[in-house]
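The values are calculated or read from the model by the stated rules, or taken from the named source; none is laboratory data. Since we're looking at a predicted model, the values are computed, not measured. Reconstructed Cβ throughout: ideal geometry from the backbone, glycine too, with neighbour counts over all protein chains shown.
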């Protein structure tokens, strides 16, 4: 084989090295977090309740995000959907639900199709109150509604370390009665909302049930402002969710002052 001229040989060598470098970078680049979507239940009227999983399925730390529980308070859906395309922190699996009340969302109504406020239908401190269609109607018994049973089953199976429930329109983040308030306060700081204690404690809510029954969990409510969220606000909340997923601001205490 005839030897190549010196300049050609050098140029060819550079091309080979450059290709090798590109290949190495491509091999080292992290693979995108896997995404899995499944129907975990159906509403009273048969609409699907869909769970999107992102991240490490074997992660010890799972984070549940619910974009909408009251059908006329659904600005958080944009956050849940934006998280589908965001980078997932290492060692974390995100559990994303756009809405646990698809019937209410379709009708732009707070309650589900049987007139029950799903956030008064969980067992902890439940007490029957109101009538079907009333703003805070609790339902005839705890977990009487298929939508709340879907959530309860999912939480029991997955035991999320952090759960974030989006509501409207109070413009604040509620500090849970039990849970890591350091983590919750840090979330509030990141999104520019005040953190407030919930007084009096509401009966039959999802977060109160989770925090009372699952050790080591922190479930909390984010009350978004009225109307749709703009893109900048969505980005702030996505970053705050990812920070909470990493445990940013966590104090390690399960007792809120």
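Assorted remarks:
- Each residue in region 237-257 was checked for being modelled with pLDDT of 85 or more and at positive phi, and 2 pass.
- Considering region 150-192, the residues that are over 14 Å from the mean Cα position of the chain (by Cα) and within 18 Å of residue 125 (Cβ to Cβ) include one that is surrounded by the most Cβ atoms within 10 Å (Cβ to Cβ), namely 176.
- Taking the criterion of being in contact (Cβ under 8 Å) with a residue 40 or more places away in the chain, closer than 22 Å to residue 111 by Cβ and touching a helix residue (DSSP H, G or I) at 6+ places or on another chain (Cβ under 8 Å), the residues of region 143-163 that qualify are 145, 147, 148, 151, 152, 155, 163.
- Test: residue in region 126-137 that is in contact with a strand residue (DSSP E or B) (Cβ under 9 Å, 6 or more places away or on another chain), on the phi > 0 side of the Ramachandran plot and modelled with pLDDT of 95 or more: no
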